[in-house]
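The values are calculated or read from the model by the stated rules, or taken from the named source; none is laboratory data. None of these values were measured; they are calculated from a predicted model. Cβ sites come from the backbone with ideal geometry, for glycine too, and all protein chains shown count toward neighbours. Note: accessible area is taken over every heavy atom of the protein model, side chains too, but ligands, DNA and RNA are not part of it. Shrake-Rupley method; radii C 1.70, N 1.55, O 1.52, S 1.80 Å.
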Amino acid sequence: MTQEFELPWPPSVNHYYRHVGPRVLISRDGRRYRELVTALVRQKNIRPFEGRISLHAEFYPPDRRRRDLDNVGGKVLLDTLQAAGLYRDDCQIKRILLEMHEPIDGGLCFVKLEDMEGAEWNEDKTTGGDAKLSKSS
């Protein structure tokens, strides 16, 4: 199964979470973004993924300011997609490709989720199924 969809530009991790004393909470901006993405996912009637998932996300920022890709495409995106019900747990994501592109008006995030079950990259590439480290002489 493969699902592709467009999302609005996400808040950065610095604006998605808030520290209140020893607790970390989702900010007002973060909650709004989660609600918006959840509504878009429900509108498209996307079935949740059950197994291992490959994630490809392309980010088109709203302006030319410098941004760290992991601040918009890391935890924020994974947590938001989980909250929207696309998968049970973000530990299901086993492969991630994030790309930053040139700006477009308003910003945009294009997401492609793909079921990895049965895919050729699912094969164990280690000898005998066990990962081994080799010493170089």
Sequence-distant or interchain residues sharing an amide H contact under 5 Å with Trp9, placed H: which? Leu108, Cys109
How would you order 61-68, 50-57 from highest to lowest mean count of nearby Cβ atoms within 10 Å? 50-57, 61-68
Determine the calculated [θ] at 222 nm for the chain from helices alone, applying -39500 (n - 2.57) to every DSSP H run no shorter than 4 residues and normalising by the residue count; nearest 500 deg cm²/dmol. -7000 deg cm²/dmol
To the nearest 10 degrees, how steeply does helix 28-44 sit against the main Cα axis of the chain, on a 0 to 90 scale? 70
In whole Hz, what ³J(HN,Hα) sequence does segment 13-20 give by Karplus (6.51, -1.76, 1.60; θ = phi - 60°), x for Gly and Pro? 4, 5, 9, 7, 10, 10, 9, 10
In terms of the ratio Rg/(2.2 N^0.38 Å) built on C-alpha atoms, what value belongs to the chain? 1.21
So what is the accessible area of the chain per residue, in Å², with the probe set to 1.4 Å? 66
In whole percent, what relative contact order does the chain give with Cα contacts below 8 Å and a gap of six or more residues? 37
